[in-house]
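These notes are about the structure you will find just below.
The values are calculated or read from the model by the stated rules, or taken from the named source; none is laboratory data. Here the structure is a predicted model, which means the values were calculated and not measured. Glycine also receives a Cβ, built like all others from the backbone with ideal geometry; neighbour counts cover every protein chain displayed.
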Amino acid sequence: MPAYMIVTAKIADRDSFIAGYGAAAAELIPKFGGEYLLRGPGAECLEGEFGEGASMVISKWPDRDAAKAFWNSTEYAEAKKLRQGIAEVQVLLIDGPDLSA
């Protein structure tokens, strides 16, 4: 069963974020079997505290284990350092049906 990683990010310095962390993560995701379904800024928060104007990323993974292999990899640990001090993120992982079928 596919797994979906949903990221909400409040970004203070978008140019640095994209050039550093964004580029590094985009290179790693396919190496671990993931693919982007959505990447973009300007989320509208309809309820709750986190998300107004935030960037959203949704990625699809073959399964939860593949997503966790990416998340727990040494390569991604290095990439996450590139967003320190410039972004506040919330990351969720959920199993779900194949939405591309």
**Report entry** Matching option when the condition is farther than 21 Å from residue 99 by Cα, modelled with pLDDT of 90 or more and loosely packed, with under 15 Cβ neighbours inside 10 Å, among 35, 52, 27, 44
**Finding:** 27
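Yes/no matrix, rows are residues, columns are (1) β-branched (Val, Ile, Thr); (2) in a helix (DSSP H, G or I); (3) over 24 Å from residue 19 (Cα atoms):
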residue	(1), (2), (3)
46	no, no, yes
56	no, no, no
59	no, no, no
67	no, yes, no
70	no, yes, no
76	no, yes, no
88	no, no, no
Report summary line: All conditions in (1) within 21 Å of residue 95 (Cα to Cα); (2) in contact (Cβ under 8 Å) with a residue 12 or more places away in the chain; (3) within 13 Å of the chain's Cα centre (by Cα) are true of residue 41 except (1)
Query raised in the report: Just checking, which of 18, 29 is more than 10 Å from the chain's Cα centre (by Cα), of a type in the set (Val, Ile, Thr), in a helix (DSSP H, G or I) and at negative phi?
Result: 18
Report summary line: All-but-one check, residue 79 against (1) under 16 Å from residue 7 (Cα atoms); (2) at pLDDT below 95, failing number (2)
Requested in this report: Write out, first by first residue and then by second, each pair whose Cβ atoms fall under 6 Å of each other, whose residues are 6+ apart or on separate chains, and whose first residue, in the range 87-101, is under 22 Å from residue 41 (Cβ atoms) while the second is among the charged types (D, E, K, R) and surrounded by 11 or more Cβ atoms within 10 Å (Cβ to Cβ).
Outcome: 88/10
